[in-house]
Amino acid sequence: MTILAFTAVVAIVSFVAGLLGSLTGLGGGVVLVPLLTIFFHVDIRYAIGASLVSVIATSSGAAAAYVKEGFSNIRIGMFLEIATTVGALLGAFLATRIPTSALAIIFGAMLLYSAFLSRKPRPLDQRNLPPDALATRLRLNGNFPDLEGQRSYNVQHVPAGFGLMFGAGALSGLLGIGSGAVKVVAMDQAMRIPFKVSTTTSNFMIGVTAAASAGVYLSRGYVDPGLAMPVMLGVLAGSLLGSRILVKAETKSLRLVFSLVILVLGLQMLYQGFWGKI
Amino acid sequence: MPAASAPAPHPLPPQRQRWDDHRIEVILGNLLRTGVLISAAIVLWGACIYLFRHAHEPADYRIFRGEPSEFRTIPGVIQSVINGRGRGWIQLGLLLLIATPIARVAFSIVGFAMERDRMYVAFTLIVLAILLYSLLGSGLGM
């Protein structure tokens with residue numbers, strides 16, 4: 001394939017991944033690495049480098065739209081970013097040391113888990129939880145606009161959430177993904193943060209987490225300009241378009257289709273990793 | 001009896017503080033979007049030069065070689081841009097993209113300082129130190 005054809009096809013695929021990732025809320029980065037490695041035969045290290053860059057673009061590009069709604073909590077975000085950035089640095093250093101087949105297997109497992117999570121209904125927000133001493137001292141509790149006016153919430157299980165966030169950061173640095181799925185689980189299920197707050201705060205954190213490992217990737221020569229260019233521009237355009245039409249589109253069946261795609265790609269990654277094809 | 005069960009102090013920070021948080025966030029959100037759009041424009045400009053010169057060469061990413069130093073260090077990228085290379089421009093745009101969330105963290109320090117929240121100024125400094133270590137300590141600055 002010539003560079004022109006390759007760039008055009010990768011840009012289109014990235015655009016679709018960004019659009020679907022944004023519409024379904026599952027993120028586009030998670031399908032990009034398997035698509036690039038399985039169908040375009042790109043070395044997984046180049047694919048991870050390009051994907052990581054696109055994750056920063058999506059997160060930062062969507063931030064302005066999210067903050068206007070007033071749901072995100074910058075204190076929760078900043079506090080947990082200590083865990084995610086340390087994790088991301090560790091993940092990025094690990095990625096340069098472990099064999100690519102192991103990367104493919106971890107990636108496949110992560111995809112299967114994401115597909116499983118996306119089919120599981122989210123737990124209902126629990127209201128009127130008692131204030132937790134540590135969360136109060138860290139000023140993590142907050143409120144956000146609701147149908148009935150301002151609704152307040154009390155954050156729970158801070159150490160568990162912090163630990164899970166370290167893991168989410170390590171996965172992000174290792175695989176070049178936003179790992180929004182793990183972040184939202186940590187905030188929803190461990191810390192009991194209301195859904196709207198956790199989703200928007202997680203978006204904010206994804207960009208900072210990815211930036212922590214991007215420096216390592218770039219300096220190790222994993223970010224190829226010829227590959228990262230169509231991926232970043234495509235994903236950014238797709239996700240910006242997706243966030244505009246988000247409210248109107250019927251996302252339920254779309255989510256089902258996208259989670260099936262994630263499942264198939266996950267099985268493929270596991271297969272290729274175990275048989276040493278990656 | 002009723003005097004003994006007085007309501008516990010409200011755990012929430014006062015309304016005014018939340019509003020200030022929100023205003024800081026709106027400013028930071030716009031900063032991020034502007035950073036992304038500028039870096040996307042630089043990447044696009046680099047893409048035009050790169051594709052104009054190399055469109056018909058074969059694309060091959062099967063074998064990992066690692067990038068040459070002109071595409072993986074900050075001085076290398078700047079030199080490459082001065083030499084008018086398309087891929088140098090793309091890397092410059094990507095460096096700027098990585099810098100936008102870092103700038104957001106740096107500006108948050110100002111926001112927390114204005115609210116006189118020392119604990120969060122300290123947390124934000126820790127995050128900034130980790131990010132700067134990643135960007136400069138990993139050999140990118142050499």
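The values are calculated or read from the model by the stated rules, or taken from the named source; none is laboratory data. Just so you know, these numbers come straight off a predicted model, no measurement behind them. Don't worry about glycine lacking a Cβ; one is built from the backbone with ideal geometry, like all the others, and counts go over all protein chains shown.
Data table
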{"item": "Verdict on A:Phe39 being free of Cβ contacts under 8 Å to residues at least 60 places away in the same chain and within 13 Å of another protein chain (Cβ to nearest Cβ)", "result": "yes"}
{"item": "Answer from A:Ser198, A:Ser202 - the residue that is crowded, with 23+ Cβ neighbours inside 10 Å, closer than 20 Å to A:Leu236 by Cα and modelled with pLDDT under 95", "result": "A:Ser202"}
{"item": "Scope segment A:135-174; condition closer than 14 Å to A:Ala190 by Cα and touching a Ser or Thr at 6+ places or on another chain (Cβ under 9 Å); matching residues", "result": "A:Asn154, A:Val155, A:Met165, A:Phe166, A:Gly167, A:Ala168"}
{"item": "In segment A:196-227, residue nearest to the other protein chains (Cβ to nearest Cβ) [restricted to those that are farther than 14 Å from A:Ala83 by Cα and of a type in the set (S, T, N, Q)]", "result": "A:Ser219"}
{"item": "From A:Thr2, A:Thr24, residue being polar (S, T, N, Q) and touching a residue at least 12 places away in the same chain (Cβ under 8 Å)", "result": "A:Thr24"}
{"item": "Criterion (surrounded by fewer than 20 Cβ atoms within 10 Å (Cβ to Cβ), within 9 Å of chain A (Cβ to nearest Cβ) and closer than 21 Å to A:Leu89 by Cβ) met by exactly one of B:Ile109, B:Ile126, B:Ile102", "result": "B:Ile126"}
{"item": "Checking A:Gly242 against (1) among the small types (Gly, Ala, Ser); (2) free of Cβ contacts under 8 Å to residues at least 40 places away in the same chain; (3) closer than 12 Å to A:Leu20 by Cβ, the condition it does not meet", "result": "(2)"}
{"item": "Residues being hydrophobic (A, V, I, L, M, F, W, C), within 7 Å of another protein chain (Cβ to nearest Cβ) and closer than 29 Å to B:Gly137 by Cα - total across segment B:48-94", "result": "5"}
{"item": "Residue in segment A:54-104 that is surrounded by the most Cβ atoms within 10 Å (Cβ to Cβ), counting only those that are within 7 Å of chain B (Cβ to nearest Cβ) and in a loop (DSSP other than H, G, I, E, B)", "result": "A:Ser72"}
